[in-house]
Amino acid sequence: MKFYNTFTRSEEEFSPISGNEVRMYTCGPTVYNYAHIGNFRAYLFEDFLRRALKYCGFKVVQVMNLTDIDDKTIRDSKAAGVALDAYTRKFKDAFFQDLETLRIEKAEHYPEATRHIPEMIEIIKVLLDKGYAYVGEDKSIYYSVAKFADYGKLARIDMENQRPGARVKTDEYGKDAVADFALWKAWDENDGDVFWESPWGKGRPGWHIECSAMSMKYLGKTFDIHTGGIDNMFPHHEDEIAQSEAANGCRFVNYWLHCEHLIVNGQKMSKSLGNFFTLRDLVAKGFTGREIRWVLLGTHYRNKLNFTLEAFTQVKNTLQKFSDFFVRLHSVRNSGAQGDTAEELVGRIKTAFRTAVANDLNISEALALVFELEHEVNKLMESGKLGTKGAEAVLAQFRDFDRIFAVFDVDSAVTGEVPAEITKLLEERTAAKKNKNYARSDEIRKELLSLGWIIEDTPSGPRVKKAK
Ligand code: AMP
Ligand code: ZN
């Protein structure tokens, strides 16, 4: 596989550190509110990446953190008059529900920042010992960016021409005044009853140290892939590199992948601009998870994606067209078709699809192949050339596409109650197979087919589907 590594600003051949296993860290949500669909664009890109890696034969260990302590969670839990833990719990639960709605595969670990404070304190101690950090007048601990020679390498900041000396306690800040940033924030009245004891008195961690601590705990000091939205690159990821590499004395991450923004009228969709839709807003408008998934996945992750409601409406029609296509394929009954080239076509498309996916997640090429297959197969069907075997190969290929897209639901278009006589025949066939009476089992399969039912042998046993 090949990926565009933001660190080197070039496409690179991907090779994991340890055999076939890919260790990947993705910056997760700050759980102070419902995530908006801009955030979900980033999580869907990461889902695509994860599925693509698996599709190409890798085993993936993915960590997505939950930021349940930072400036914003404190601010909003206080405003709501709810304890921090109870406040963030609600949005964590909502986040997991949203992941399900969007069919995003589960990561292996979802560590919560508040459960990893001791690990963060340990790293800060090392940074103090090694001279990369210092205690400020306000008793907070700061990272001295001037001490880390490689500071600014990811975001390509020209450190020579920076104004030195500025210092920030806030979690987010701009590129123009590169600043020493807080590793540990000494308690102040605004924090209320939110604090942890530390060797430096009571306080709480900065945002950036959370990801350094949790990635190291679950993936080791050096791992393969780190992802996030492009806005995470500075200061968040730059600061993660500075902390981790200074503390551990080795490379932090081999490949950095960042996705571009979902934009509205030329501006990034964001909470602070107020130009956002949550997933729930769109569901309330009648769009389904798979429709929203399709729209957000449909543009290559390194290109900006412009938000319009029409795009969601269009996709409704597209997916309906595919459902109808699958129903027609399920009902193909032409076992002696002449000139059925579907299997060769599927073979070619399959190879090209894998190549597209492996080529920095080339979604446009992958989608073009999906539409090409549908178009060509429709032509075969219309001219009576598509046989049963060909139709099955096409359906199988769409199930294969769905390992990545997870939108087609190839078989659910063909469901319904199974009549008792059909179930009985299916049971008879299972018994015949068990007794190695293959002639009888084949006969029953044909009989079922003539009654309009298709047998599918699944890992959980055979089942029938109606062919409309
Ligand atoms: P946050 O909760 O703000 O830390 O954001 C969570 C993830 O969503 C990060 O990876 C951000 O980079 C990403 N993100 C935020 N806004 C957008 C957007 N409009 N388009 C794409 N990704 C975004
Ligand atoms: Zn992070």
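Across the options Q320, L367, M381, the greatest Cα extent toward the positive end of the charge dipole of the range 310-415 (unit charges at beta carbon of Lys, Arg, Asp, Glu) belongs to M381. Maximal additional length on extending the N334-D231 stretch stands at 31.6 nm, based on 0.36 nm per residue less the C-alpha distance.
Fully extended, how many nm does the chain gain between R75 and K434 (0.36 nm per residue separation, minus their Cα-Cα distance)? Intermediate values should be presented prior to the final figure.
Details: separation 359, 0.36 × 359 = 129.24 nm, distance 6.49 nm.
In short, 122.7 nm is gained.
If a/c stays under 1.5 just call it rounded; otherwise compare a/b with b/c (prolate if a/b is bigger, oblate if not). Do that for the range 8-73, with a ≥ b ≥ c from the square roots of the Cα gyration tensor eigenvalues.
Judged from the Cα gyration tensor, the range 8-73 comes out prolate (a/c at least 1.5, a/b above b/c).
Based on C-alpha pairs under 8 angstrom that are at least 6 apart in sequence, the chain has a relative contact order of 16 percent. Annotation for E189 and V135: the two label points, set 7 Å from Cα along the Cα-Cβ direction, are 2.4 nm apart. With θ taken as phi - 60° and the Karplus curve 6.51 cos²θ - 1.76 cosθ + 1.60 applied, the whole-hertz 3J(HN,Hα) list for the range 195-200 is 6, 10, 6, 8, x, 10 Hz, x standing for glycine and proline.
For the chain, report the accessible area per residue in Å² (1.4 Å probe, heavy atoms, rounded to an integer).
Working: 20640 Å² over 468 residues.
That works out to 44 Å² per residue.
The separation of the range 251-266 from the range 69-85, counted between C-alpha centres, amounts to 28 Å. Is the shape of the range 310-415 best called rounded, prolate or oblate, per the rule: a/c under 1.5 gives rounded, else a/b larger than b/c gives prolate, else oblate, with a ≥ b ≥ c the square roots of the Cα gyration tensor eigenvalues? Verdict is oblate for the range 310-415.
For the range 420-466, place one equal point scatterer on every Cα, skip the solvent, and apply the Debye formula. What is log10 of I(q)/I(0) at q = 0.19, 0.25 Å⁻¹? Evaluating at q = 0.19, 0.25 Å⁻¹ gives log10 I(q)/I(0) of -0.51, -0.89.
If the range 1-147 were replaced by its equivalent ellipsoid, with semi-axes equal to the square roots of 5 times the Cα gyration tensor eigenvalues, what would those be, largest first, whole Å?
Whole-Å semi-axes of the equivalent ellipsoid: 30, 25, 13.
Distance between the modelled labels on F96 and A396, one decimal in nanometres: 3.7 nm (7 Å Cα→Cβ projection).
Scanning residues 5 or more positions from A467 or on other chains, those with amide H under 5 Å from its amide H are W453, I454, with H placed 1.01 Å from N in the peptide plane. This model, with +1 at the C-beta of Lys and Arg and -1 at the C-beta of Asp and Glu, gives the chain a dipole about its Cα centre of some 1140 debye.
Provide, for q = 0.08, 0.09 Å⁻¹, the log10 of I(q)/I(0) from a solvent-free Debye sum over equal Cα point scatterers in the chain. Taken in order of the listed q values, log10 I(q)/I(0) reads -0.58, -0.70.
Each peptide in 238-246, 222-230, 197-205 gets a packing score, the mean of other Cβ atoms within 10 Å over its residues, and the list from highest to lowest is 238-246, 222-230, 197-205. Were the residues from D442 through K153 laid out at 0.36 nm apart, the gain over their Cα-Cα distance would be 97.5 nm. On the basis of the beta-carbon distance and an R0 of 41 Å, K54 and V418 show a calculated FRET efficiency of 0.80. Adding -39500 (n - 2.57) for every DSSP H run of four residues or longer, then dividing by how many residues the chain holds, sets the calculated 222 nm ellipticity at -14000 deg cm²/dmol. Extending 7 Å from the Cα toward the beta-carbon at both D324 and A352 defines two label points whose distance is 2.5 nm. Taking the Cα centre of the range 341-468 as origin and assigning +1 to Lys and Arg Cβ atoms and -1 to Asp and Glu Cβ atoms, the resulting dipole is close to 520 debye. Comparing A406, A149, G19 along the charge dipole axis of the chain, the residue lying farthest to the positive side is A406, per the Cβ-charge model. Here the range 298-431 has 51 percent of its accessible surface on carbon and sulfur atoms, given a 1.4 Å probe and all protein chains in place.
Checking the Cα-Cα distances for K285/K316; K54/K90; K2/K217 against a 20 Å cut-off, the pairs over it are K54/K90; K2/K217.
Database remark: amide H of L183 closer than 5 angstrom to the amide H of I141, Y142, Y143 (H placed geometrically; neighbours at sequence offset of 5 or more, or on other chains; Pro and chain starts carry no H).
Taking only protein heavy atoms and a 1.4 Å probe, the accessible area of the range 2-264 is 50% carbon and sulfur.
Look at the alpha carbon pairs under 8 Å that are at least 6 residues apart: their mean separation over the length of the range 247-397 gives a relative contact order of 26 percent. Going by a ≥ b ≥ c, the root eigenvalues of the Cα gyration tensor, does the range 2-264 fall in the rounded group (a/c under 1.5), the prolate group (a/b larger than b/c) or the oblate group? Verdict is oblate for the range 2-264.
Listed by chain and number, the aspartates and glutamates whose alpha-carbon sits under 12 Å from that of K92, ignoring those within fewer than 8 places in the same chain, are D68, E112.
The values are calculated or read from the model by the stated rules, or taken from the named source; none is laboratory data. Here the structure is a predicted model, which is why all the values come from computation and not from measurement. Cβ atoms come from the backbone with ideal geometry, glycine included; neighbour counts cover every protein chain shown. The protein model used for the area step is the full one, side chains on, heavy atoms only, and it has no ligands, DNA or RNA in it. Shrake-Rupley method; radii C 1.70, N 1.55, O 1.52, S 1.80 Å.
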